[in-house]
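Trainee: Below is a structure I'd like to ask you about.
The values are calculated or read from the model by the stated rules, or taken from the named source; none is laboratory data. Model, not experiment: these values are computed from the prediction. Note that each Cβ is placed from the backbone with ideal geometry, even for glycine, and that neighbours are counted across all protein chains shown. Accessible surface areas use protein heavy atoms only, side chains included; no ligands, DNA or RNA. Shrake-Rupley method; radii C 1.70, N 1.55, O 1.52, S 1.80 Å.
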There are 2 protein chains.
Amino acid sequence: MAWDTAKTKRLLLDAAVDEFAAYGPEGARIDRIAAAAGVNKERIYPYFGGKRQLFAAVIQRELEQLAAAVPMEEADGRAVDLPEYAGRVFDYHHDHPHLLRLLQWEALYGDAAAPVAGEERRAAHYAEKLAAVSRARRGEVDSARAGVPLAPEELLYAVVALVGWQFAAPQLARMILGAAVDEDPAARRAAVVDMVRRLAL
Amino acid sequence: MAWDTAKTKRLLLDAAVDEFAAYGPEGARIDRIAAAAGVNKERIYPYFGGKRQLFAAVIQRELEQLAAAVPMEEADGRAVDLPEYAGRVFDYHHDHPHLLRLLQWEALYGDAAAPVAGEERRAAHYAEKLAAVSRARRGEVDSARAGVPLAPEELLYAVVALVGWQFAAPQLARMILGAAVDEDPAARRAAVVDMVRRLAL
DNA sequence: GAAGCCACCAACCCGCCGGTTGGAATCGGG
DNA sequence: CCCGATTCCAACCGGCGGGTTGGTGGCTTC
């Protein structure tokens, strides 16, 4: 039954996601990860090299899962409209609270000036989203309304910010929105979708 | 010359702000704080009790400074309009990048369920802001436009989220907005103000 | 000038934790 | 059946860092 190196790596990564999300790259404990994975901690070093590399591997894998899970286009090729997309992003973060925590740890620990690992891949991913937004908005904006529409980058930024904030800083969101933040996610989702709709007009 | 206990406390707090903002409550080093303050590290214990309490004291002081620095009403009592308020919040965080980092560390380390220190004071502060928004919006919304206006809580939330995101997660914002995030803060400010204006209509 | 607090210095204690090592089982391929 | 790679176990090392302590000198107050 042993001899399945891919499985041991996966077990370690699975445990590492929880541990790093909870305690960060510094606070995470190698022993806890190994214990939770049911694997001996020394296995980490031949496979990943060390704590920091394991953290990087965790982030990498989680980002790939996100990219695959929330597409901007339907399976049939039709573009998803932006408020609906915002709703899906909300759902994803609601169901996978680990990811944003990991990204926050990364933001706090990383050198602000230095690029993060896998930056070009991530940037390419967002460039795609951006192009999709532009395409979807062509002709969709309310031409009856005066004024220029928002730039696609700004719209996409707003989606991420409005969705992300309450997951990234729940203690601050609670100050403004009250306990509803935790208690009524459906209402929060609707509110965010509504705001994005107003911005997209 | 000596004998100024208030000054030593202040020196320690000043140094602690930088250290905690940079490294977080775990990564911060007592020795570095003391060295930066030009004070002996043992002084921390009689004054603050320990590392964690020092961190709490730091957050407390920074929040009080924020509350004092960005009022919702002018000195003459007139209400500040919301987009303008968003601009001021932006300016504050741009000039004081420590605060959001501290709050992020707090969010990541704190037990999500447990209330944070000084929660009631902070909540009261936001309740005031909320009341001010409601007052300012009375009659200001564009009644010619169809549809119900956004709730004040949502508006205030949007202000904080849209402003805060790029400071809290600069590496993510850069993926969408490009290098402009760091290079052209004035343009970012204008963009955020514009989005808030659209939402406030 | 005596008492008492404040600050400095320097060393020390002690627990924690990332990473290492050596040895013994286990399993696959040839 | 034997070689080589995988895993487990257990103990260990070494550095780091929060917190403590004992001793010294200075300032303020009474």
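Trainee: Compute the Cα gyration tensor for the protein assembly as shown, then decide on rounded, prolate or oblate, letting a ≥ b ≥ c be the square roots of its eigenvalues: rounded whenever a/c is under 1.5, prolate when a/b is larger than b/c in the other cases, and oblate in all that remain.
Mentor: oblate
Trainee: With a Förster radius of 51 Å, plug the Cβ-Cβ distance of residue B:67 and residue A:201 into 1/(1 + (r/R0)^6) and report the FRET value to the nearest 0.05.
Mentor: In this case the efficiency is close to 0.90.
Trainee: Note the buried accessible area between B and A here, summed over both chains, with a 1.4 Å probe, in Å² to the nearest 100.
Mentor: 4800 Å²
Trainee: Taking only Cα atoms, what is the 0 to 90° angle, nearest 10, from helix A:5-27's long axis to the longest principal axis of chain A?
Mentor: Long axis of A:5-27 versus the principal axis of chain A: about 70 degrees.
Trainee: Mind checking the full-extension length gain between residue B:76 and residue B:151? Use 0.36 nm per residue of separation minus the Cα-Cα distance, one decimal, nm.
Mentor: Using 0.36 nm per residue and subtracting the Cα-Cα distance, I get 24.4 nm.
Trainee: A further question follows. Compute the angle between helix B:119-137 and the longest alpha-carbon principal axis of chain B, please, reported from 0 to 90 degrees and rounded to the nearest 10.
Mentor: 20 degrees
Trainee: Separate question: How far apart, in nm, are two points set 7 Å out from the Cα along the Cα-to-Cβ line at residue B:131 and at residue B:42?
Mentor: 4.9 nm
Trainee: Given 37 °C and 0.692 mPa s, how large is the Stokes-Einstein diffusion coefficient of the range A:70-200 in µm²/s, with Rh as the Kirkwood radius over Cα pairs?
Mentor: 203 µm²/s
Trainee: Have a look at A:88, A:43, A:189 and tell me which one the Gaussian network model of chain A (Cα, springs below 10 Å) gives the largest fluctuation.
Mentor: Between A:88, A:43, A:189, it is A:43 that shows the largest mean-square fluctuation.
Trainee: I would also like to ask the following. Using r as the Cβ-Cβ distance of residue B:84 and residue B:187, and R0 as 25 Å, what FRET efficiency do you calculate, to the nearest 0.05?
Mentor: Here the calculated transfer efficiency is 0.90.
Trainee: How large is ³J(HN,Hα) for each residue in the range A:50-62, as worked out from phi by the Karplus curve 6.51 cos²θ - 1.76 cosθ + 1.60 (θ = phi - 60°), to whole Hz, x for Gly and Pro?
Mentor: x, 4, 5, 5, 4, 4, 4, 4, 4, 4, 3, 5, 5
Trainee: For the range B:155-171, in order, what is each residue's ³J(HN,Hα) by Karplus, 6.51 cos²θ - 1.76 cosθ + 1.60 with θ = phi - 60°, in whole Hz (x at glycine and Pro)?
Mentor: In residue order, the calculated couplings are 4, 5, 4, 4, 4, 5, 5, 5, 6, x, 4, 6, 7, 7, 10, x, 5 Hz.
Trainee: While we're looking at this one, here's another question. How far is the Cα center of the range B:64-114 from the Cα center of the range B:12-45, in Å?
Mentor: 24 Å
Trainee: How large is the charge dipole for chain B, taken about the Cα centre, if only the Cβ atoms of Lys, Arg (+1) and Asp, Glu (-1) carry charge, to the nearest 20 debye?
Mentor: Rounded to the nearest 20 debye, it is 260 debye.
Trainee: Rolling a 1.4 angstrom probe over the protein chains, ignoring ligands and nucleic acids, what is the accessible area of residue B:137 in square angstrom, nearest 10?
Mentor: Surface open to solvent at residue B:137 totals about 20 Å².
Trainee: Bin all alpha-carbon pair distances of the range B:1-58 at 10 Å intervals from 0 and give each bin's fraction as a whole percent.
Mentor: Taking all Cα pairs of the range B:1-58, the binned fractions are 26, 62, 11, 1 percent.
Trainee: Tell me, what % of the accessible area of the range B:52-107 is carbon and sulfur with a 1.4 angstrom probe?
Mentor: 53 percent
Trainee: Run the 1.4 Å probe and let me know the accessible area of residue B:96, rounded to the nearest 10 Å².
Mentor: 70 Å²
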